[in-house]
Amino acid sequence: MMDLLEVLHLDELSHGLAKLSMFPYFDMAHYIMSVLALREQPGALEVSRVSPFACWFSSMLFCFGGAVLSGIMLAEPPVAPLSNSTSVLLASIIWYLVFYCPMDLVYSSITFLPLRLVLSGMKEVTRTWKVLSGVTQAHSKYKDSLLVMIAIGWTRGAGGGLIRNFEQLVRGVWKPETNELLKMSYPTKITLIGAVLFALQQTHYLPLQTRHLMLIYTIFTVVNKSRMMLTGSSSSPFAAIESAIYRTLFAGYSPYAALTGEATKACADVSASVATKESSKNRAADAPSPSPVMGQTLKAKEESERPEPESCKKMD
Amino acid sequence: MMDLLEVLHLDELSHGLAKLSMFPYFDMAHYIMSVLALREQPGALEVSRVSPFACWFSSMLFCFGGAVLSGIMLAEPPVAPLSNSTSVLLASIIWYLVFYCPMDLVYSSITFLPLRLVLSGMKEVTRTWKVLSGVTQAHSKYKDSLLVMIAIGWTRGAGGGLIRNFEQLVRGVWKPETNELLKMSYPTKITLIGAVLFALQQTHYLPLQTRHLMLIYTIFTVVNKSRMMLTGSSSSPFAAIESAIYRTLFAGYSPYAALTGEATKACADVSASVATKESSKNRAADAPSPSPVMGQTLKAKEESERPEPESCKKMD
Amino acid sequence: MMDLLEVLHLDELSHGLAKLSMFPYFDMAHYIMSVLALREQPGALEVSRVSPFACWFSSMLFCFGGAVLSGIMLAEPPVAPLSNSTSVLLASIIWYLVFYCPMDLVYSSITFLPLRLVLSGMKEVTRTWKVLSGVTQAHSKYKDSLLVMIAIGWTRGAGGGLIRNFEQLVRGVWKPETNELLKMSYPTKITLIGAVLFALQQTHYLPLQTRHLMLIYTIFTVVNKSRMMLTGSSSSPFAAIESAIYRTLFAGYSPYAALTGEATKACADVSASVATKESSKNRAADAPSPSPVMGQTLKAKEESERPEPESCKKMD
């Protein structure tokens, strides 16, 4: 392993990566993409006009949700992220510019495909740092509990998604019928995998150095995210593995077999077409938004990064 | 008191009981009955097919809800129950077997009346230990605060019920119109009474030894639960006391007296008949489930262990 | 500044005020007005008949919501307020008298205008103490973080309002479409302003002595509250400033300008008339309640202390 890495000069690269500071550029990219994700939620623009405060609070939950949620889970003050004034100030400025910039210049710029691609890539890099910090923090508190390490690493990295229901409540939106546990989005899945890998690495079950795993995981997430944005493909890279695991473990017995057997199969098959339909739906729903068509399509694709189509649940 | 106990050889029995280890058999019974309760929730089977992860998370909340909730209330990490790997592994295996066992063998077995009776009894025994551990933990933190001791003992023992709303949210179900505070179920009530008794005992207001109270409380809960399961009676043993307290304290004045006076009386009177109707409703709603009829009936009875009928609220 | 205060003998007054003990009279006024606010929520009386326990729990959240919420935010036990037995006992007695007193004597008395006026004034005084205690507590934990100080001071002072959604859930009511962040009520706004002022004072950005700021803030809140109750005016004293800030900062760009430009303007203009309509609505809805007409009108006014009318949101 080490030999291969050295041949490819990747060992030096991993040294460089591990020393990379997230502040301020990568953090900024994370804040920009988080606030952008909020702005592209249905109804968010209206909330930004009616109640700037609720909009700001929602933005902070998008930006610092992981820190807040993992704080609660470790019984540390959820208010702590607010004490880092510089980060909050930075995120607040970005929030203001994305939502209220005259002529909507900032939003128009960051939805410009190449810039959005770079910012998305940088945001993915911050994920590695967040997952690792969560895992090591849990490791220092609960020595050998893999599960706690995975849970904290996961919530630190994907907290914004996991508290989505309550973030929406701040904006007056309540969608109890769906959440990230019931139907994981791509970012939540990739973060969970990262948390598992880093937890195994920290407990020495995975014989890799931290910085090598950081490099591998970062490259995987950035490449995969870029591929998804460029090709507009909504297929998860884990769809095949997920499907295999599901068929092996969870399809053993079903009292609904007679009713849902074909439905479930049909669901799996129509996955792609439903995802496409969802994209069109998103595009239609967001029509009043004045972003360029390119950004629109990209967003729709990002939104639809879910392998299981909505209808599967309904059919059951 | 001591004499009476000695005559009946109950003192030795209480010694034995106090030394009884909950792990692994009683804990297993608790996990089995908890996961079974989840499986018998409407819609839970569908969730288990669509999202095994959400189903697993819900099961863990049923099994460890008390520890999680009392942890939050004492500002201790709610993630702590996850650090007990053995318990989580045991509960996860039981979750898997109850939901996904080939031929549904496990579910069919545990819904077989005599086994279900034994498991229910064992689960009731774990209640005593949980309430006591909650009360003593609160006692060590808040010396003489009866209320805190009761609150923590109660949430430790009945936490799964108290966080029901949020456990349902994990499965995409949201029923804000009801909760365990608004309409207490039998387990929640019996746990509250246990918490009050143990809190009084720990602060020496109740002149009993801990192990004697453990014995009395355990016998009461086990006998009462078995009686309810065998006779299918949904009448709470406290219905008379509750009614008396209600009439004395809370019926003094009502601006709705003219409207609801008779309605309330009617409610109290039709309690039994409504409970019976509910049982039939449950039986009908769960019809697709392939459990033996005996188990079905039992479950319906367990579900309807509520003295106040639904309609009372609506009539008001 | 000091000279002016001395001339007006206000310095001595501020000394006296700072030494004033909240317990028991001012605390009692706070409990009475909090329980009264709960009783005047639609549906609360029904809950008090159906489930006295849920009603009591809701009352405690109204009375101690600020302490519970700021406790959670600082990772301190949210159960801590229960450990102060005297306060809980006092609040429980008041809860009982307000809801279940024979002949409804207590409710009739406290809704008698002059008494209600005095109690409201005293409740406003407790706000100063709560905000200050929150700010100083945060100051001792997070040295120079203005934001944390503001957040804790605000939640301590206005916690009952901020957890309204979850307090309603206890009573089986769920209104996700509105919350105190989306549409701040007058008490929430005045508490936020107080938290900002005390945080600036504690960090010496505001060159005032603590007791002088206490005096000024207390006088302002009491006078303003009394004015609002007496004149029935629902206009916030900050409406002009808010409007100016909004127009300057948050109206820069709107993709909905063509659609909502006039609507927003119209909203601002019809604010008063809508508030009036709301008052009538409240009056009608609460008609079965047997309080004297004077109290009714006052309550309706208190309820409608919101500058932005409901319809603004809907129009957008």
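The values are calculated or read from the model by the stated rules, or taken from the named source; none is laboratory data. Please read all numbers here as calculations on a predicted model, not as lab measurements. Neighbour counts run over all protein chains shown; Cβ positions are idealised from the backbone, glycine included. Keep in mind that these areas ignore ligands, DNA and RNA; they rest on the heavy atoms of the full protein, side chains included. Shrake-Rupley method; radii C 1.70, N 1.55, O 1.52, S 1.80 Å.
Summary of computed values
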item: Complete set of residues in segment C:118-149 that are assigned to a loop (DSSP other than H, G, I, E, B) and either among the β-branched types (Val, Ile, Thr) or surrounded by fewer than 20 Cβ atoms within 10 Å (Cβ to Cβ) (or both); result: C:LYS143, C:ASP144
item: Selection status of B:LEU115, under 19 Å from A:ALA151 (Cα atoms) and in a helix (DSSP H, G or I); result: no
item: Condition met for A:SER85 (open to solvent by 10 Å² or more (accessible area, probe 1.4 Å), over 30 Å from C:THR188 (Cβ atoms) and either more than 14 Å from chain C (Cβ to nearest Cβ) or modelled with pLDDT of 90 or more (or both)); result: no
item: Scope segment C:136-153; condition of a type in the set (A, V, I, L, M, F, W, C) and closer than 17 Å to C:THR210 by Cα; matching residues; result: C:ALA138, C:LEU146, C:MET149, C:ILE150
item: Residue tally, condition under 17 Å from A:ILE93 (Cβ atoms) and in contact with a Ser or Thr (Cβ under 9 Å, 6 or more places away or on another chain), over segment A:20-47; result: 13
item: Restricting segment C:57-81 to residues that are open to solvent by 40 Å² or more (accessible area, probe 1.4 Å) and either without any contact (Cβ under 8 Å) to a residue 40 or more places away in the chain or basic (Lys, Arg) (or both), the residue that is farthest from the other protein chains (Cβ to nearest Cβ); result: C:ILE72
item: Test result for C:GLY157, more than 12 Å from chain A (Cβ to nearest Cβ), surrounded by 19 or more Cβ atoms within 10 Å (Cβ to Cβ), in contact with a Ser or Thr (Cβ under 9 Å, 6 or more places away or on another chain) and on the phi > 0 side of the Ramachandran plot; result: no
item: Positions within segment A:41-56 being part of a loop (DSSP other than H, G, I, E, B), within 10 Å of another protein chain (Cβ to nearest Cβ) and not polar (S, T, N, Q), in sequence order; result: A:GLY43
item: Members of segment B:169-181 that are open to solvent by 30 Å² or more (accessible area, probe 1.4 Å) and among the aliphatic types (A, V, I, L, M); result: B:VAL173
item: Unmet requirement for C:ASN165, which otherwise passes all of (1) in contact with a Gly (Cβ under 9 Å, 6 or more places away or on another chain); (2) within 14 Å of another protein chain (Cβ to nearest Cβ); (3) modelled with pLDDT under 95; result: (1)
item: Matching residues, segment A:94-119, being more than 15 Å from A:ARG39 (Cβ to Cβ) and not hydrophobic (A, V, I, L, M, F, W, C); result: A:PRO102, A:PRO114
item: Considering residues of segment A:213-241 that are in contact with a Pro (Cβ under 7 Å, 6 or more places away or on another chain) and at pLDDT 85 or above only, the residue least open to solvent (accessible area, probe 1.4 Å); result: A:ASN224
item: Enumeration of residues in segment B:95-145 that are of a type in the set (Phe, Trp, Tyr) and within 14 Å of another protein chain (Cβ to nearest Cβ); result: B:TRP95, B:TYR96, B:PHE99, B:TYR100, B:TYR107, B:TYR142
item: Test: residue in segment A:169-178 that is assigned to a helix (DSSP H, G or I) and over 18 Å from the mean Cα position of the chain (by Cα); result: yes
item: Residue satisfying all of: in segment A:182-204; within 27 Å of A:GLU12 (Cβ to Cβ) and without any contact (Cβ under 8 Å) to a residue 40 or more places away in the chain; surrounded by the fewest Cβ atoms within 10 Å (Cβ to Cβ) among these; result: A:HIS204
item: Residue list for segment A:91-117, restricted to those being surrounded by fewer than 19 Cβ atoms within 10 Å (Cβ to Cβ), more than 16 Å from the chain's Cα centre (by Cα) and of a type outside the set (Ser, Thr, Tyr); result: A:ILE93, A:LEU97, A:CYS101, A:PRO102, A:MET103, A:LEU105, A:PHE112, A:LEU113, A:PRO114, A:LEU115
item: Residue match in segment C:215-236 (condition: without any contact (Cβ under 8 Å) to a residue 40 or more places away in the chain, assigned to a loop (DSSP other than H, G, I, E, B) and under 28 Å from A:TYR96 (Cβ atoms)); result: no
